[in-house]
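Remarks on the structure that follows.
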Amino acid sequence: TADIEGHDTCRKICILASLGFGKHVYPEQVKTEGITNISLKDVEYAEQFNSVIKLVGRTRKLEDGTITANVYPALINKKNMLSGVSDVFNAVMVRGDAVGDVMFYGRGAGKFPTASAVVGDVIDCAKHLSARKYLHWCKGETDYVSDASGDITRLFVRVKTSTPDNTKNEIESRINATSYTVNYKDNEIAFVTENDIEQTLINQINSLSSCEVIKTLHIID
């Protein structure tokens, strides 16, 4: 359950955010969504958009000193290095203004990788018995983690409709969609948006009157 519902990823992004930004982040501050509602049809649609679906944790520091932190399944373009992370492997990608994308990759599960990490920590402590090694962060705050609805993002959307052609026209007029596919057999349309403020995109999607929104996922290029 911890893996499927995203709780393990949530704890990991809390630790990484605390290490990266110097202030404690608590799991209850992180909006977390697992993969329970991901279906094989979602995977098929992702393939049509040259993407795969992965459970990711993301954190970013804002100009006002607060951060955003979220866990959710996302469509990841196959050109992105994260798309190839599978099985027991984990990856941490750091996106810098100057350096671009840097990825740290390795086994994140199993008795031997876990034992190796524990023994490594014990050896590290033993090596610093007479020389203090500082690794700490400040206490967290209730308003430290901000709502990510103001972030710039792209979204993948699936809608159910009894009038696919009318819905397609409505999508084209109300939403800046990069590409879409119409599944006439199941009366569905799937599309991806251009980059925009997340809340703006959600408002546009919710304004669609000729269909029912059945899935919305973030996109990582």
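The values are calculated or read from the model by the stated rules, or taken from the named source; none is laboratory data. Everything quoted here is computed from the prediction, not taken from an experiment. Cβ coordinates were reconstructed from backbone atoms using ideal geometry, including for glycine residues, and neighbour counts include every protein chain displayed. These area figures cover heavy atoms from the full protein model, side chains too; ligands, DNA and RNA do not enter into them. Shrake-Rupley method; radii C 1.70, N 1.55, O 1.52, S 1.80 Å.
For LEU62, are the conditions met, namely being within 16 Å of PHE21 (Cβ to Cβ), of a type in the set (A, V, I, L, M) and more than 24 Å from the chain's Cα centre (by Cα)?
On the way: within 16 Å of PHE21 (Cβ to Cβ): yes; of a type in the set (A, V, I, L, M): yes; more than 24 Å from the chain's Cα centre (by Cα): no.
In short, no.
Cβ-Cβ distance below 7 Å, separation of 6 or more or different chains: which pairs start in the stretch 86-114 with a residue that is closer than 15 Å to GLY20 by Cβ and among the aromatic types (Phe, Trp, Tyr) and end on one that is at pLDDT below 90 and open to solvent by 50 Å² or more (accessible area, probe 1.4 Å)? From residues that are closer than 15 Å to GLY20 by Cβ and among the aromatic types (Phe, Trp, Tyr), there are no pairs. When the stretch 1-24 is filtered for residues that are of a type outside the set (D, E, K, R), open to solvent by 50 Å² or more (accessible area, probe 1.4 Å) and part of a helix (DSSP H, G or I), the ones remaining, listed by number, are HIS7, ILE15, LEU16, LEU19, GLY20, PHE21. Being open to solvent by 60 Å² or more (accessible area, probe 1.4 Å) and over 26 Å from HIS24 (Cα atoms) holds for only one residue in ASP87, ASP147, ASP121, ASP97, and it is ASP87.
Of note, LEU55 satisfies the criterion of being of a type in the set (A, V, I, L, M), assigned to a strand (DSSP E or B) and open to solvent by 40 Å² or more (accessible area, probe 1.4 Å).
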